[in-house]
Amino acid sequence: MSQSAQNSPYEPPFRVGHGYDLHRLDRYAPLGRGRPMVLGGVRLAAGGNAEVGPVAHSDGDVLLHAITDALLGAAGLPDIGQLFPDTDPAHEGRDSGEFLMEAITRLAADGWSVANVDATVILERPKIGPHKDAIRANLARLLAIAPGQVNIKGKTHEGVDAVGQGLAVEAHAVVLISRVGA
Ligand code: MG
């Protein structure tokens, strides 16, 4: 091994990233502060007692927030809260797809492309099963990758704790990014 190689740490052409987010749920305005429920950029119709939505400065899309943070984290970039502070009026009610687009743009500028995304949404109601294909397709569109590179799982919290009591929704996401052309 040459001296220069010894001094250059190996940088693999891929990285993993993890993202997590949670939003409190409340009844829709004007009864509460909840916004319409949007997951992965797809509006979920109210069902059961699901006349609740996320309390948020932006549109409260917990899944897009988790994926955006996973992408930014993988690339070693500032997180979503740093890039889009919830104290900035410019982000009031903002479409979280724009946060994801900004992350993708920053990754591309650093020479990264998205290999795959795997995410879990934890929500008591409504069930996301009927919406999974639409969410997957929309995420693939936003990320400019094939639907087969995106996977979404829906779970409940078994009635336990705040999420289980329908007081919050949360999402976890992992992503793999790779060097363009690698
Ligand atoms: Mg959030």
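Data for the structure
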{"item": "Per-pair calculated FRET efficiency, R0 = 35 Å: Glu51 and Glu11 via Cβ, rounded to 0.05", "result": "0.10"}
{"item": "Simple Cβ-charge dipole of segment 59-105, Lys/Arg +1 and Asp/Glu -1, about Cα centre, in debye nearest 20", "result": "180 debye"}
{"item": "Only Lys, Arg (+1) and Asp, Glu (-1) charged, at Cβ; segment 36-182 dipole about Cα centre in debye", "result": "620 debye"}
{"item": "Residue-averaged [θ]222 nm for the chain, counting only DSSP H segments that reach four residues, each worth -39500 (n - 2.57)", "result": "-7500 deg cm²/dmol"}
{"item": "GNM result for the chain, Cα springs below 10 Å: residue of Ala29, Ala137, Ala56 fluctuating most strongly", "result": "Ala29"}
{"item": "Rg/Rh (Cα only; Kirkwood hydrodynamic radius) as it applies to the chain", "result": "1.04"}
{"item": "Mean Cα-pair separation over length for segment 1-146, i.e. relative contact order, pairs under 8 Å, 6 or more apart, %", "result": "25 percent"}
{"item": "Residue-normalised accessible area of the chain, expressed per residue, 1.4 Å probe, Å²", "result": "50 Å²"}
{"item": "Computed E for Lys127/Val180 - FRET, C-beta separation, R0 41 angstrom, nearest 0.05", "result": "0.65"}
{"item": "Nitroxide proxy distance, nm - points 7 Å out along Cα→Cβ at Asp110 and Asn151", "result": "2.5 nm"}
{"item": "Cα gyration tensor category, rounded, prolate or oblate, for segment 39-128 with a/c compared to 1.5", "result": "oblate"}
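The values are calculated or read from the model by the stated rules, or taken from the named source; none is laboratory data. These numbers were taken from a predicted model, which means no experiment stands behind them. Cβ sites come from the backbone with ideal geometry, for glycine too, and all protein chains shown count toward neighbours. Remember, those area values only see protein heavy atoms, side chains included, never the ligands or the DNA or RNA. Shrake-Rupley method; radii C 1.70, N 1.55, O 1.52, S 1.80 Å.
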